[in-house]
Amino acid sequence: MMDLNYDFCILITTYNRGNMLYDLINQIERQTGNQKVLIIVFDDGSHQNYNLDKPNIKYIKFFPNQGKKKYWKIINTIFGYVRNINSKYFIQIPDDVQLIDNFLNTAANNYEKIPDPNKICLSILTDGRVYRHNWTSFDSIDMGDHIKTQWNDLCYISTKEFFSQLDFKIDEIPMSRWNHDPNLSSGVGQQISTKLHNKNKSMYHTKTSLVIHGDHESKMNFEERKNKPIITI
């Protein structure tokens, strides 16, 4: 399966959201059409095993649950898989989003429309954070069809260059990150954003979110998201 050429490789992270996961996969499959799509599910130790026995789906389960403080290990594994996958586009999404109609084509078209030779990714989950700097101290710029933000929050479309620019790996994030503030995020998005920004690679967000994220409980950063929910626009 990994030796084939795909139009899209969809990377889904999941934990204890079986109904949302199945619904998301069904949405992807309804939109696939004639495109060749590979779905890889990375399960961070859910209490149940999911029935995902299909030729176009690969299911990888971690045990025990890695959680926020070891999320870098899951992303490191994802990046390792990507190294051996031939796909025109890669899309990473969490299990708790829903897709707009014609999501795959819309995401690809939006990415291709960015007239920037240094573009490296287009984030497709857009909320109020896009209008302030985040991790890189870069003030967002309205580019017309897109917003140049210079940060990535692990819900995006890219080509394989995104991963190769990061050497197909994530560095270990020390536990000392949370010594003074246990509500800090996993640090993965911050690491990715900082590295790519320092390489002068351009990171964008769509003006209108291509995925729908509601005000529901976070599995990884409960307290922070309870106080600062992510509501897509």
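The values are calculated or read from the model by the stated rules, or taken from the named source; none is laboratory data. Not measured: the values here are computed from a predicted model. Ideal geometry is used to build each Cβ from the backbone, glycine not excepted, and the neighbour counts take in all protein chains shown. Side chains included, ligands, DNA and RNA excluded: accessible areas come from the protein's heavy atoms. Shrake-Rupley method; radii C 1.70, N 1.55, O 1.52, S 1.80 Å.
Which of the residues spanning the stretch 97-125 are among the β-branched types (Val, Ile, Thr) and over 15 Å from the mean Cα position of the chain (by Cα)? It would help to see each step written out before you state the result.
Going through the stretch 97-125, the residues among the β-branched types (Val, Ile, Thr) turn out to be 97, 100, 106, 114, 120, 124.
Within the stretch 97-125, 100, 106, 114 qualify.
Confirm whether residue 36 is surrounded by 14 or more Cβ atoms within 10 Å (Cβ to Cβ) and more than 18 Å from the chain's Cα centre (by Cα).
yes
Those residues that are within 17 Å of residue 40 (Cβ to Cβ), open to solvent by 30 Å² or more (accessible area, probe 1.4 Å) and under 15 Å from the mean Cα position of the chain (by Cα), I need them from the stretch 66-79; list them, please.
The initial filter retains those residues of the stretch 66-79 that are within 17 Å of residue 40 (Cβ to Cβ), namely 66, 71, 73-79.
Going one step further and asking which of them are open to solvent by 30 Å² or more (accessible area, probe 1.4 Å), we end up with 66, 73, 76-77.
Selection gives 73, 76, 77.
Scan the stretch 147-179 residue by residue and report those that are open to solvent by less than 10 Å² (accessible area, probe 1.4 Å) and part of a strand (DSSP E or B).
147, 156, 157, 158
Among 215, 142, which is the only one that is open to solvent by 10 Å² or more (accessible area, probe 1.4 Å) and modelled with pLDDT of 90 or more? Show your work before the answer.
Numbers: 215 fails: modelled with pLDDT of 90 or more.
142 is the lone residue from the list that is open to solvent by 10 Å² or more (accessible area, probe 1.4 Å) and modelled with pLDDT of 90 or more.
Please go through the stretch 108-139 and give me each residue that is in contact with a helix residue (DSSP H, G or I) (Cβ under 6 Å, 6 or more places away or on another chain) and either open to solvent by 40 Å² or more (accessible area, probe 1.4 Å) or outside any strand (DSSP E or B) (or both), ordered by number. Working first, answer last.
Step one: of the stretch 108-139, the residues in contact with a helix residue (DSSP H, G or I) (Cβ under 6 Å, 6 or more places away or on another chain) are 120-122, 124, 135-136.
Within the stretch 108-139, 124, 135, 136 meet the criteria.
Within the stretch 97-107, work out how many residues are more than 20 Å from residue 56 (Cα to Cα) and in a loop (DSSP other than H, G, I, E, B).
3
What pairs can you find where one residue is in the stretch 187-203 and at negative phi, the other is assigned to a helix (DSSP H, G or I) and open to solvent by less than 10 Å² (accessible area, probe 1.4 Å), and their Cβ atoms are less than 7 Å apart, with a gap of 6+ or different chains?
Cβ pairs passing all conditions: 188/75; 203/193; 203/196.
Could you grab me the full set of residues in the stretch 180-209 that are part of a loop (DSSP other than H, G, I, E, B) and over 16 Å from the mean Cα position of the chain (by Cα)? Working first, answer last.
Of the stretch 180-209, the ones part of a loop (DSSP other than H, G, I, E, B) are 180-187, 199-201, 207-209.
Listed by number, the residues that qualify are 180, 181, 182, 183, 184, 199, 200, 201, 207, 208.
Do any strands (runs of 3 or more DSSP E) lying entirely in the stretch 1-96 carry at least 2 residues that are over 22 Å from residue 112 (Cβ atoms), and which ones are they?
Those strands (runs of 3 or more DSSP E) span 5-14, 37-43, 57-61.
Kindly check whether there is at least one residue in the stretch 46-60 that is over 23 Å from residue 85 (Cβ atoms), open to solvent by less than 20 Å² (accessible area, probe 1.4 Å) and free of Cβ contacts under 8 Å to residues at least 40 places away in the same chain.
Yes.
Would a scan of the stretch 190-212 turn up a residue that is closer than 16 Å to residue 92 by Cβ, at pLDDT below 95, open to solvent by 60 Å² or more (accessible area, probe 1.4 Å) and of a type in the set (A, V, I, L, M, F, W, C)?
Checking the stretch 190-212: not a single residue is closer than 16 Å to residue 92 by Cβ, at pLDDT below 95, open to solvent by 60 Å² or more (accessible area, probe 1.4 Å) and of a type in the set (A, V, I, L, M, F, W, C).
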